[in-house]
Amino acid sequence: MEEDSSTSFFLPRQAGSLISMRLLTYFFATSLLIFSEASLGQQQKQAPSAGVILYNQLKFDAAFPALKKEALSENVDSQYYLAEALRKRNRYMTPEAQHWYETAAANGSIYAMIQLGRKNEDLCKSMDNCPASAKSPVEWLTHAKELLLAKANNGDPESLYLMYEITFDRTWLEKSANAGYALAQYWMAVSERQGEGFFFIPGKRDASVRKWLLLSSEGGYPKAMMDYLEILHTEGDTESIRHWLKLAAETGYQAAVSSYGAYISHTPDKVGYPLDIVKGYALYSLLKELDEGGGIKRFVEKKLDSIAEKMTPEQIEQSKIVAEQWKATHPPLSFFPDKLGN
């Protein structure tokens, strides 16, 4: 199905509708922040491991062995993601999933503590088979808060956001957004768009949503960029659309790469990019590497056929070089699944 039949101006239905609504992923496709229980005052930045990259590409069959190997090598983030993958595969908290959550938590992962603290909301609760734990869910959340609170009170943006995830107190979310955390800014926009917050003057709500989406986009968050594009479309600002869609694609966000590749190859031409059919084909050939990730394989193959109809064999060969150059200079493709997933 072509983009023209999509319910969104920018996202093909096949590619866009399968993207998780919650987008707390590894830090904007280039880094992850891990909290250390021994030294919470420092944040350790890590490039995403091979297992985490596969997880974020929804290549779960390949991700499991890679994550397991990394987890056994004491990669804390891989321990957390292995737990996530195990829980999601079984749709409830299994003893093996809990083991890896607790291992990651013991190594300082606040995210693992939060997931252990949410066990009462897990399907295992209704099934009455939740694994026994060294701490109760309340104790895990209390421990996470104790580790976070000092940094949050000192204005650390991510700590403020994680306090919101623990307490669901919107005050923490707003503080994080005002401190410049792009993910919190995105969720401020989403919450206000859904009716949260009080705005006395007509039009102020829309203006505030626009403000938060712009700030989040400027902070590098691709989902915010894609939402901001919809606003720019209603405003008729085509030049800004071209700017932000290109930036979103350069983060590796699958939905943005899909739309950008379609528009620069003029299949269709919606925003006035100069025709670059070689690069467009190259980007879609990279999307093909996602295989069945996100259920986009059929859409990508159809789009490749559509672009190839307008290309010479020489251009197709050239696109292989362009694709390799893109991979070497950009973050890995990602669906940006929620790091604190359900």
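Observations, loosely collected:
- Tally of residues being in contact with a helix residue (DSSP H, G or I) (Cβ under 6 Å, 6 or more places away or on another chain), among the polar types (S, T, N, Q) and in a helix (DSSP H, G or I) across segment 102-137: 3
- If only residues of segment 199-217 that are in contact with a Lys or Arg (Cβ under 9 Å, 6 or more places away or on another chain) and either of a type in the set (S, T, N, Q) or not in a helix (DSSP H, G or I) (or both) are counted, the one that is nearest to residue 234 (Cα to Cα) is 216.
- Summed over segment 309-330, residues that are within 17 Å of residue 277 (Cβ to Cβ) and either touching a Gly at 6+ places or on another chain (Cβ under 7 Å) or not in a helix (DSSP H, G or I) (or both) total 4.
- Tallying residues that are under 17 Å from residue 136 (Cβ atoms), charged (D, E, K, R) and modelled with pLDDT of 95 or more within segment 68-122 yields 1.
- Residue check, residue 107 touching a residue at least 60 places away in the same chain (Cβ under 8 Å) and out of contact with any Phe, Trp or Tyr (no Cβ under 6 Å at 6 or more places or on another chain): yes
- Of residues in segment 129-182 being touching a strand residue (DSSP E or B) at 6+ places or on another chain (Cβ under 9 Å) and of a type outside the set (A, V, I, L, M), the one nearest to residue 219 (Cα to Cα): 158
- Residue 228 meets the conditions (1) surrounded by 17 or more Cβ atoms within 10 Å (Cβ to Cβ); (2) touching a residue at least 40 places away in the same chain (Cβ under 8 Å) in every case but one. The failed one is (2).
- Filter pass, residue 296 being farther than 30 Å from residue 90 by Cα and crowded, with 20+ Cβ neighbours inside 10 Å: no
- Complete set of residues in segment 163-210 that are over 17 Å from residue 340 (Cβ atoms), among the charged types (D, E, K, R) and surrounded by 15 or more Cβ atoms within 10 Å (Cβ to Cβ): 174, 175, 192, 193, 205, 210
- Filter result for the condition that a residue is aliphatic (A, V, I, L, M) and more than 22 Å from residue 144 (Cβ to Cβ), over 116, 86, 54: 54
- Once segment 74-101 is narrowed to residues that are in a helix (DSSP H, G or I) and in contact with an Asp or Glu (Cβ under 6 Å, 6 or more places away or on another chain), the residue that is nearest to residue 64 (Cα to Cα) is 86.
- Residue count for segment 175-198, restricted to those that are acidic (Asp, Glu) and assigned to a helix (DSSP H, G or I): 1.
- When restricted to residues that are surrounded by 20 or more Cβ atoms within 10 Å (Cβ to Cβ) and under 27 Å from residue 297 (Cα atoms), segment 60-82 contains 6.
- Among residues of segment 251-273 being aromatic (Phe, Trp, Tyr) and surrounded by 24 or more Cβ atoms within 10 Å (Cβ to Cβ), the one that is nearest to the chain's Cα centre (by Cα) is 253.
- Residue check, residue 277 buried (at least 24 other Cβ atoms within 10 Å of the Cβ) and either at positive phi or among the hydrophobic types (A, V, I, L, M, F, W, C) (or both): no
- Checking each residue in segment 138-159 for being surrounded by 20 or more Cβ atoms within 10 Å (Cβ to Cβ) and in a helix (DSSP H, G or I) picks out 140, 144, 148, 152, 157, 158, 159.
The values are calculated or read from the model by the stated rules, or taken from the named source; none is laboratory data. Please read these numbers as outputs of a predicted model, since none were measured by experiment. Every residue, glycine as well, gets a Cβ built from its backbone with ideal geometry; the counts of neighbours run over all protein chains shown.
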